[in-house]
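Right, one structure below, let's go through it.
Just so it is clear, none of the values below were taken in a lab; they were calculated from the coordinates. These numbers come from a predicted model, not from an experiment. Note: ideal-geometry Cβ built from the backbone for every residue, glycine included; neighbour counts use all protein chains shown.
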Amino acid sequence: MDPATLRALAEFPDSLEAHFAAFPADAVHWSPADWSGIPSERFTAHEQVCHVRDVEIDGYHVRFRRALDEANPFLPDLGSEALARERNYVGQDAHAALAAFRAARRETLALLAHLDATQWSRPAFFEDYGPTTVRGLVHYLCSHDQQHMAGLQWLRGKFDAVRGAV
């Protein structure tokens, strides 16, 4: 696996936390009137943090384990918006979600650190993405991180445009 992608995965918890902390207190639950153009799901900054945590734990931890343990498993989408409603992201503590995400990402990296060439190539079928491998899943996870960083930046841009730069 290429070191640049693994480094990006390792650095993301710090980036996510820093960018979330940069939001003004009255912006973390703020929603724009128009979500057109958001590069991630239509989640507030607070909800983005909870979502990233759940995708790491309930999505990628499960996907990696199944791809490593099963013969070409089908890896379903989590249904992000339904999950957010079911788990009441709005009522959760974002700082606890960040801490849980940080711990989960360490677990992900520890799992990946011990894979051999055969394991990296194990196949799976990822809903909405198609055929992939464990290596491919790592790239999709990194892409997911970037989508949510972009979502936070997009939200901040919208907030600043509506409320004035803070």
**Asked** Once you put a point 7 Å from the Cα of residue 65 and another 7 Å from the Cα of residue 93, both along the Cβ direction, what distance in nm separates them?
**Response** 2.5 nm
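Count charges around residue 73 for me, please; just the other residues with Cβ under 13 Å from its Cβ, Lys/Arg as +1, Asp/Glu as -1. Don't skip to the end; give the middle numbers.
Working: positive: 63, 65, 66, 122; negative: 69, 70, 127.
After counting each charged neighbour, the total is +1.
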**Request:** Before anything else, pin down the relative contact order of the chain: Cα pairs under 8 Å, at least 6 apart, normalised by residue count, whole percent.
**Result:** 37 percent
**Asked** Amide H neighbours of residue 30 under 5 Å, counting only residues 5+ apart in sequence or on other chains, H built in-plane at 1.01 Å?
**Response** 45
**Message:** Could you tell me which residue out of 51, 82, 9 lies farthest along the dipole of segment 6-124 toward its positive end? Charges go on the beta carbon: Lys and Arg +1, Asp and Glu -1, centred on the Cα centre.
**Reply:** 9
**Candidates 36, 15, 143, ranked by Gaussian network fluctuation over the chain, Cα under 10 Å, top entry** = 36
**Complete:** So, relative contact order of segment 17-114 in percent, Cα under 8 Å, 6 or more apart, is 34 percent
**Where Rh is the Kirkwood radius over Cα pairs, Rg/Rh for the chain** = 0.99
**Complete:** 1/(1 + (r/R0)^6) with r = Cβ-Cβ of residue 146 and residue 72, R0 = 30 Å, i.e. FRET efficiency to nearest 0.05, evaluates to 0.65
